[in-house]
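Here is the structure we will look at.
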Amino acid sequence: MVKVLALSVVRTGTELPEPIICSLATELSSFGFFQRPSVKEMITFLTKTFIKRTEHGQRQSITHEGYVVHCYVRSDGLAGTVTTDMEYPARVAFVLLGQLLEDFTAEVGDSWNSCTVPESIAFPKGDEYLQKYQNPAEADKITKIQNDLDETTQILHKTIDSVLERGVKLDNLVERSNDLSAQSKMFYKQAKKTNSCCVIS
């Protein structure tokens, strides 16, 4: 199942010994109650480790044991991560990261620059985004359109396949058709003969 586990907003900078997570939102209900603290610690560790290794202005996705941490560090040093399962589309994760960081700076301004205590900046929209983006197709219009197109294509293929399975009926339709000339009907019959002679049983 496609799932977003965590969103984080992180302060980076050369003056810091390591990145500071300003705000963290998690959705860990798929884990056992006693596993959740350990999973959260692991997410925190991976977030800091991967953000430290991401250049300013760079986006990257790092896979670790069935999960992906999508990282983005803006040129001003504000960074974010989205931790997802393997099935979650990277494009949607980076759209989410961009919106998350924009809303974060709109809400808290430049106060993140002075953040020194982990998870000390309240950002309720993080939890909202966590819920909204659980289904990437609903949250991202382009993904939704692509899924609709894929579904339509799949339906179209099923329809064509079911017509092709009824070759005998198709022969009758060709014979009775007024839209096909005698030459086209002859071509159809000849093509069918040619195809049938080449089938290896």
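Laid out as a table, the results:
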quantity	calculated
Residue in segment 62-83 that is nearest to E27 (Cα to Cα), counting only those that are over 17 Å from the mean Cα position of the chain (by Cα) and buried (at least 17 other Cβ atoms within 10 Å of the Cβ)	A79
Qualifying residue in segment 23-42 (condition: closer than 16 Å to C115 by Cβ and free of Cβ contacts under 8 Å to residues at least 24 places away in the same chain)	no
Residues that are in a loop (DSSP other than H, G, I, E, B) and of a type in the set (K, R), drawn from segment 44-63	R53
Candidate set: segment 18-31, residues that are assigned to a loop (DSSP other than H, G, I, E, B) and within 14 Å of F50 (Cα to Cα); chosen: the one most open to solvent (accessible area, probe 1.4 Å)	E18
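The values are calculated or read from the model by the stated rules, or taken from the named source; none is laboratory data. All values derive from a computational prediction rather than experimental measurement. In this analysis, Cβ positions are derived from the backbone assuming ideal geometry, glycine residues included, and neighbour counts consider all displayed protein chains. All accessible areas refer to the heavy atoms of the entire protein, side chains included, with ligands and DNA or RNA removed. Shrake-Rupley method; radii C 1.70, N 1.55, O 1.52, S 1.80 Å.
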